[in-house]
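Down below is the structure, laid out as structure tokens.
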Amino acid sequence: MEELKKAYNYVYNIIKRKVSYGLILGSGLGGVTDSFENKIEISYNEIPEFPVSTVPGHDGRLVFGEYNGKFAVLMKGRFHFYEGYEPSRVVYGVRLMKLLGVEKLIITNAAGGVNTEFNPGDLMIITDHIGLFAPSPLRGPNFSEFGPRFPDMSYAYNPELIRIAEACAKKLNIPVRKGVYVFTQGPMFETPAEIRAIRILGGDAVGMSTVPEVITANHCGIKVLGISCISNMAAGVLDQPLSHEEVMETGDRIKPLFISFVKEILDRI
């Protein structure tokens, strides 16, 4: 908590105001910030005790700015368990957002398609997740300043925000999917047998992020909207190897549509 307060004091002394909502941007989605006014950018390595992104496509900056009269913070780059960070470090940015005043959070990611009806380039609104394989970011002494020891996860993804996202997709004529996101630890892609098991469990998409952040946001009382870009089909769905390059290529192709979708949602919230 003392480390978080140091980070908060450093950032707040620069921005000097509370923040309405936050975004955590997946690979290649930094273009969302282009529409923000009066931007203030702070590199992660400038913030006391703040982790640093090590994955290609993650810039590693906090960007503050105004959009439709509201002040927002965007994380351009997130942290992953597979990078070697403890779960409490992976979600450090979410807790900082809470201290800064964030009440609503949009989390985006690139994910592998488990549902065989999906295609690379599809956008999926996350309705729920399976985090049985996720190391809990709430492990250890409870941060009672943020929330209860045993937080409820019945509505981990806020129904109101999901309805707003659906309405935005309809307005833009974007054929979005809805489904369950499953966390795996990475950094290796899943095996075909693991994907078959995930499909049996009810998973529609799989990835190596998001769930720890969503758990922490719910613990803090932050309302969450999650959106996945299906960047590739998961192992065994197609007879071809998987690569991070494919993830980045699909992200680049779908980026304009994804950014317009997120901006429309920001207009509504």
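State yes or no: is residue 208 under 11 Å from the mean Cα position of the chain (by Cα), surrounded by fewer than 24 Cβ atoms within 10 Å (Cβ to Cβ) and of a type in the set (A, V, I, L, M)? Walk me through how you get there before you give the answer.
On the way: under 11 Å from the mean Cα position of the chain (by Cα): yes; surrounded by fewer than 24 Cβ atoms within 10 Å (Cβ to Cβ): yes; of a type in the set (A, V, I, L, M): yes.
Criteria met by residue 208.
Filter the range 130-172 down to the residues that are under 21 Å from the mean Cα position of the chain (by Cα) and among the basic types (Lys, Arg), then identify the one that is modelled with the lowest pLDDT. Applying the filter and picking the extreme gives 139. Of the numbered criteria (1) surrounded by fewer than 20 Cβ atoms within 10 Å (Cβ to Cβ); (2) in a helix (DSSP H, G or I), the one residue 150 fails is (2). Only one entry of 64, 71 meets the criterion of being crowded, with 16+ Cβ neighbours inside 10 Å, part of a strand (DSSP E or B), touching a strand residue (DSSP E or B) at 6+ places or on another chain (Cβ under 6 Å) and modelled with pLDDT of 90 or more, and that entry is 64. I'd like to check something: does the range 228-251 contain any residue that is surrounded by fewer than 16 Cβ atoms within 10 Å (Cβ to Cβ), out of contact with any strand residue (DSSP E or B) (no Cβ under 8 Å at 6 or more places or on another chain) and modelled with pLDDT of 85 or more? No; the residues of the range 228-251 include none that is surrounded by fewer than 16 Cβ atoms within 10 Å (Cβ to Cβ), out of contact with any strand residue (DSSP E or B) (no Cβ under 8 Å at 6 or more places or on another chain) and modelled with pLDDT of 85 or more. All of (1) under 19 Å from residue 15 (Cα atoms); (2) touching a Ser or Thr at 6+ places or on another chain (Cβ under 6 Å); (3) not aromatic (Phe, Trp, Tyr) hold for residue 77 with one exception: (1).
Taken over the range 168-203, the criterion of being over 30 Å from residue 85 (Cβ atoms), part of a helix (DSSP H, G or I) and not hydrophobic (A, V, I, L, M, F, W, C) is satisfied by 170, 171.
Number of residues in the range 97-129 that are within 15 Å of the chain's Cα centre (by Cα) and either among the aliphatic types (A, V, I, L, M) or within 26 Å of residue 197 (Cα to Cα) (or both) equals 17. A residue that is touching a Pro at 6+ places or on another chain (Cβ under 8 Å), surrounded by 22 or more Cβ atoms within 10 Å (Cβ to Cβ) and not in a helix (DSSP H, G or I) occurs nowhere in the range 39-56.
Looking only at the range 91-113, decide whether some residue is in a strand (DSSP E or B) and either touching a Pro at 6+ places or on another chain (Cβ under 6 Å) or modelled with pLDDT under 90 (or both).
Residues of the range 91-113 in a strand (DSSP E or B): 104-113.
If we keep only those that are either touching a Pro at 6+ places or on another chain (Cβ under 6 Å) or modelled with pLDDT under 90 (or both) too, we end up with 110.
Among the residues of the range 91-113, at least one is in a strand (DSSP E or B) and either touching a Pro at 6+ places or on another chain (Cβ under 6 Å) or modelled with pLDDT under 90 (or both), which makes the answer yes.
When the residues of the range 252-269 are filtered to those that are of a type in the set (D, E, K, R) and modelled with pLDDT under 85, which remaining residue is surrounded by the fewest Cβ atoms within 10 Å (Cβ to Cβ)? Top of the filtered list is 252. Taking the conditions exactly as written (surrounded by 23 or more Cβ atoms within 10 Å (Cβ to Cβ) and in contact (Cβ under 8 Å) with a residue 12 or more places away in the chain), does residue 191 satisfy them or not? Here the answer is no, as residue 191 does not meet what is asked. Listed by first and then second residue, the pairs with beta-carbon distance under 8 Å, at least 6 apart or on different chains, first residue in the range 9-35 and surrounded by 16 or more Cβ atoms within 10 Å (Cβ to Cβ) and polar (S, T, N, Q), second at pLDDT below 75 and not in a loop (DSSP other than H, G, I, E, B), are 27/247; 27/248; 27/251.
The values are calculated or read from the model by the stated rules, or taken from the named source; none is laboratory data. Everything quoted here is computed from the prediction, not taken from an experiment. Counting neighbours? That spans all protein chains shown, and the Cβs are built from the backbone with ideal geometry, glycine included.
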